[in-house]
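Peer 1: For reference, the structure I am asking about is given below.
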Amino acid sequence: MKIIHTGDIHLGAAMKNLPPDKGELRKAELLDAFRRLATFAKNNGVEAVLIAGDLFDENRVLRRIKREVFAVIAAAAPVRFFYVSGNHDDEFDFDDELPNNLYLFSKNHGWQSYELSDNVLLTGLDSKYVEDARYKELSLRRDSYNIVMLHGDVTKGDSREKTADGLALARLQNKHIDYLALGHIHKPTLTAEKLDSRGHYRYCGCLEGRGFDECGQKGFFLLEVVDGRLIKEEFLSVAKRTVREARADVSACGSYFDVERTAFEALSGANPVDIVRLTLCGRHKAGLRKDLPLLSARLCETFFFARVEDESTTYVDPAVYQNDLSELGEFVREVGRYEMNEDLRGEILDVGIKALIGEDIDL
């Protein structure tokens, strides 16, 4: 049988890193990504979709969005959807009429199991009920292919180590788990991590990147289990856009146009539909015009959205200003009289020179 492992979709989340119009579009695109995943499942013989928490984002979700999600799930039948709540939606109201093919967990505040097929068993526990006592209650059949679905941050140390939203990995070992399907970390575990001598675990990551803390490849895992054995694991994507970061070294730049050319070269691997953050770096000569507002506008003409940040510093050769009678020369000589770390000296010179020549200062 084919199974999808996904989660952390965060429908209804505020897109604060984007302008309002593009933020609203991205919110709609997240819902569309879930629709594409459901359509993929139906068209490709997937029997079960496992949603490892945070399908919704707290209480920000409009009722109409919830109805649309349920309509998407219902339309994907006979695919079954299994959902454990995460830390962002553990108080979400699921009292509406649920689609017949959507299954929830923790009816009695404890572990709950579903037979996916004759020898594949899915067991899960909602995020808010994960506590020390629950680990002891997890009992699985040795002769089944056992999938356990949870939402939280695994801790690998002492078996009783606990953090907010934490999962004590050691207390899930030797429980006959074959595949531990996790949500909460938004970066996918592309190389499976070993749980114990029998099983392994993965984080599915989020379905679409939203902010610059969710850069890189996003998607879901497609599993295939035959005769009680996992024979295939594949990472696939239905993402509309990728959030990317790049750094542009402006050390050799002598003009704004050099900076712009260097910026576009640094982003040569990005696509026009992507969301990008470019950071200028390096040490450049005093007086280099970087014009961040213009550079941001130029990049936004090419990409869906672009943000520019500046970590570059000014390089000053004190010998050049040895006999300079200007305020700039006096400032450079004064900074040169003190013993200090060269990086700190560069930062001081950078701020001082910007102030003297009338450039904006970002502290």
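The values are calculated or read from the model by the stated rules, or taken from the named source; none is laboratory data. If you're wondering where the values come from, they're calculated on a predicted model, not measured in any experiment. Positions of Cβ are generated from backbone atoms using ideal geometry, with glycine treated the same way; all protein chains shown enter the neighbour counts.
Peer 1: Tell me which of these G209 doesn't satisfy, since it passes every other one: (1) closer than 20 Å to G7 by Cα; (2) in a loop (DSSP other than H, G, I, E, B); (3) out of contact with any Cys (no Cβ under 7 Å at 6 or more places or on another chain).
Peer 2: (3)
Peer 1: Take the residues of region 72-89 that are out of contact with any strand residue (DSSP E or B) (no Cβ under 6 Å at 6 or more places or on another chain) and modelled with pLDDT under 95: which is nearest to L167 (Cα to Cα)?
Peer 2: N87
Peer 1: Something else now. Any residue in region 292-301 that is outside any helix (DSSP H, G or I) and either in contact with a Leu (Cβ under 9 Å, 6 or more places away or on another chain) or under 18 Å from A355 (Cβ atoms) (or both)?
Peer 2: no
Peer 1: Out of the residues in region 1-44 that are charged (D, E, K, R) and within 16 Å of P78 (Cβ to Cβ), state the one that is surrounded by the most Cβ atoms within 10 Å (Cβ to Cβ). If you could, list the steps in order and put the result at the bottom.
Peer 2: Taking region 1-44 as the starting set, the residues that turn out to be charged (D, E, K, R) are 2, 8, 16, 21-22, 24, 26-27, 29, 32, 35-36, 42.
Keeping just the survivors that are within 16 Å of P78 (Cβ to Cβ) gives 2, 42.
Details: K2: 18, K42: 15.
Among those that are charged (D, E, K, R) and within 16 Å of P78 (Cβ to Cβ), it is K2.
Yes or no, residue by residue, for (1) in the same structural domain as R298 (by TED's automatic domain parsing); (2) surrounded by fewer than 20 Cβ atoms within 10 Å (Cβ to Cβ):
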{"site": "F221", "(1), (2)": "no, no"}
{"site": "A248", "(1), (2)": "yes, no"}
{"site": "V259", "(1), (2)": "yes, no"}
{"site": "P272", "(1), (2)": "yes, yes"}
{"site": "L278", "(1), (2)": "yes, no"}
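Peer 1: Scan region 169-196 and report the pairs whose first residue is more than 20 Å from V225 (Cα to Cα) and whose second residue is among the aliphatic types (A, V, I, L, M), with Cβ atoms within less than 6 Å and a gap of 6+ or a chain change.
Peer 2: L169/V154; G183/A52
Peer 1: Ok, one more. Within region 212-230, work out how many residues are part of a loop (DSSP other than H, G, I, E, B) and touching a strand residue (DSSP E or B) at 6+ places or on another chain (Cβ under 7 Å).
Peer 2: 5
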